[in-house]
Amino acid sequence: MFADKREDFPTLCGDNPPAYLDNACMTLRPKTVIEAIRSYYEETPGCGGRSVHRYATEVSRKMSNCRTKIGKMFNARESGEMIFTKNATHSLNQVAKGLSWEKGDIVLTSDREHNSNLVPWLQLEQEKGIDHRVVHSMPDNSFDLEAFETACAEAGSKLKMVSLSHVGNLDGVAIPVKEAAKIAKDHGAMVCIDGAQSTPHMKVDVQDLGIDFMAFSIHKMMGPSGMGGLWGRMELLENMRSITSGGSTVDTSHYDSLTWSKPPSRFEGGLGNYAGILGTNAAIDYISQIDLDAVHEHEVSLNRVMSSILKDVDGMRIIGPEDPAKRGGICSILFDTIDSHDIAILLDEAADVMVRSGMHCVHSWFNGKGLDRGSLRASAYLYNTEDEVRLFAETLVEAVEALG
Ligand SMILES: Cc1ncc(COP(=O)(O)O)c(C=O)c1O
C-alpha cells in the first residue's frame, strides 16, 4: 500500500534490504529527516531561542514552526503547550515529578505499562508515599473498563492521577482512552496518556480524548533519536514544577530569587537538541502527509499474514487478542522452551529479519505472570511489505521446529 514510500528510507534502498520489524522500538527515518539534521550542522549550527545572529535566528524560527505543527497535529489549544523533551520517558518523568503530591494520593496505571509509565510512579511511592495501584486487564490483555471504573470508585477522593498507555508496546492493544478519561475525570483525577505507541499509528486529538497530559516519542514517528515531546493543558503546565531548571527556564534571576518563564521554556532547560528539533520538523512534515488510518489498515493486514502463519504452531503463542485487528502492527510471541534472544539473533543472521526480543521494558507484566523468558516481538510500519512479514513468520516456524 505504501510501496512507493520505501525509496524515501535509505536502509530500504539497495538490492537486499533487511526486513526491519522493530518499529515499536524505533522507526526508520526518511531522507528528508536525515537531510534536515545534516543541514543543521553544515548550514545553521546555532542555538535556538537565545542568540540573535543568522544561524540562531533560523534555528529559532524552525523550532517555533515545529512546535506549531506538532500542536496542530494533536489539536493543542496553543503551541506553548508543546514541550520538546529527549524522549517519552523524560516527558512522563516531568509530569510525575513536576506535580505536587501528598502522602496517600492515589495513582492508577494498567498492568501493561512500559517502565517509563511505571517506574516514575513507583519512585513517587517510595519517595513521597503516594499509593500506586494497578488495574488488571482482561485475560486477552484488552482494557477492563469495568474494573477501571471500580478502581476509580474505590480510590474515592484520594484519586489524583490516572496514567495509561494508549497502545501497549507489549501487544499493540489500544485502550479506550476517551471512555477511561471520562470516568477518571468524573472521579476528579488528572489523566496522563503515554502516546509513544499511538501517535505514530493513529490520529490523536488531545481535546477530543479529554486528557490532561500526553507523552510521545519522536523516534517512533520517523524522527531523530533522542527526541520526544510532552503536551499538557496550559493551566496545568503553568502550575507545574520544572525538573530541568537552568538556562532558558527563567525570565530573570537574582542572587536570592528568580522569575520562572512561562511554559514551554520553563521545561526546556539548557541548550537543546537543535539538530533533533530540525529533524523533528521534517518528520512531522513527513508524517502529516500520510493517512494514518491507511497506515493502521496496512499494519493490520500485515499482522493478519504473520498471525495466520504463527497462531497454531506448537511451542508458541501470540500475546493479546486473537484478532490481529486488535493488535495493530504488533505480533508478540511467547515460547514454551526457547529463548527469545536466541531466535532474534538467528532471524537476523539467517534471514536478515530484525525484531525485538526480551521483556520490552514491560518486566512487570512478565514477572506478574511468572514468565521469565520474555517474548519475540515483530512490529510493522508503513514501509513493511507482505513478503517481509511472511519471511519473518515462515523462518520463525522453521526455527521453532528445529529448536523446539
Ligand atoms: C509504550 C511506551 N512507552 C514509553 C516508551 C519510552 O519511550 P522513549 O524511548 O521515547 O522514552 C516506549 C518505548 O518503547 C513505549 O513503547
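General observations
- With q set to 0.09, 0.17, 0.19 Å⁻¹, the log10 of I(q)/I(0) for the range 1-147, from the Debye formula over equal scatterers at the Cα positions, is -0.52, -1.15, -1.20.
- For the pair Ser257 and Arg50, a Förster radius of 25 Å applied to the C-beta separation gives a FRET efficiency near 0.70, rounded to the nearest 0.05.
- For the pair the range 30-74 and the range 148-188, the centres of their Cα atoms are 36 angstrom apart.
- Distance between the range 267-308 and the range 1-16 - C-alpha centres, whole angstrom: 16
- The residues of the chain expose, per residue, 43 Å² of accessible area to a 1.4 Å probe.
- Full-extension gain in nm, Asp336 to Arg241, via 0.36 nm per residue minus C-alpha separation: 29.5 nm
- Net lengthening on full extension, Thr32/Ser64 (0.36 nm per residue, minus Cα-Cα): 9.6 nm
- At 0.890 mPa s and 25 °C, Stokes diffusion of the range 158-212 via Kirkwood alpha-carbon radius, µm² per second: 216
- Antiparallel DSSP beta bridges within the chain, as percent of all bridges there, nearest 5: 55
- A simple count of charges around Val362, restricted to other residues whose Cβ falls under 14 Å of its Cβ and scoring Lys, Arg +1 and Asp, Glu -1, yields 0.
- Simple spin-label estimate for Ala3 and Ser225 gives 3.2 nm between the two label positions (7 Å along the Cα-to-Cβ direction from each Cα).
- With kT/(6 pi eta Rh) evaluated at 37 °C and eta = 0.692 mPa s, and Rh the Kirkwood radius from Cα pairs, the range 297-364 diffuses with a coefficient of 255 µm²/s according to Stokes-Einstein.
- Using a Förster distance of 41 Å, the FRET efficiency for Thr11-Glu127 (Cβ separation, nearest 0.05): 0.45
- Peptide packing for 104-114, 214-224, 200-210, 290-300 was compared via the average number of neighbouring C-beta atoms within 10 Å per residue; ordered from the highest value, the list is 214-224, 104-114, 200-210, 290-300.
- Taking a straight Cα-Cα cut-off under 17 Å and skipping sequence neighbours fewer than 8 places away in the same chain, the lysines within cross-link reach of Lys185 are Lys158, Lys160.
- Scaled against 2.2 N^0.38 Å for its residue count N, the alpha carbon radius of gyration of the range 136-271 is 1.23.
- For q = 0.09 Å⁻¹, Debye-computed log10 I/I(0) when each Cα of the range 33-288 counts as one equal scatterer: -0.40
- Cα gyration tensor shape for the range 217-287, rounded if a/c is under 1.5, else prolate or oblate: prolate
- Surface composition of the chain: carbon and sulfur atoms hold 49% of the protein heavy-atom accessible area at a 1.4 Å probe.
- For the chain, modelled as a GNM whose springs connect Cα atoms under 10 angstrom apart, the maximal fluctuation among Arg38, Arg356, Arg67 occurs at Arg38.
- Nitroxide proxy distance, nm - points 7 Å out along Cα→Cβ at His136 and Asn367: 1.8
The values are calculated or read from the model by the stated rules, or taken from the named source; none is laboratory data. The structure presented is a predicted model; accordingly, all values stated were derived computationally and were not measured. Ideal geometry is used to build each Cβ from the backbone, glycine not excepted, and the neighbour counts take in all protein chains shown. For the accessible areas, the whole protein counts, side chains as well, though only heavy atoms, and no ligand, DNA or RNA atoms are used. Shrake-Rupley method; radii C 1.70, N 1.55, O 1.52, S 1.80 Å.
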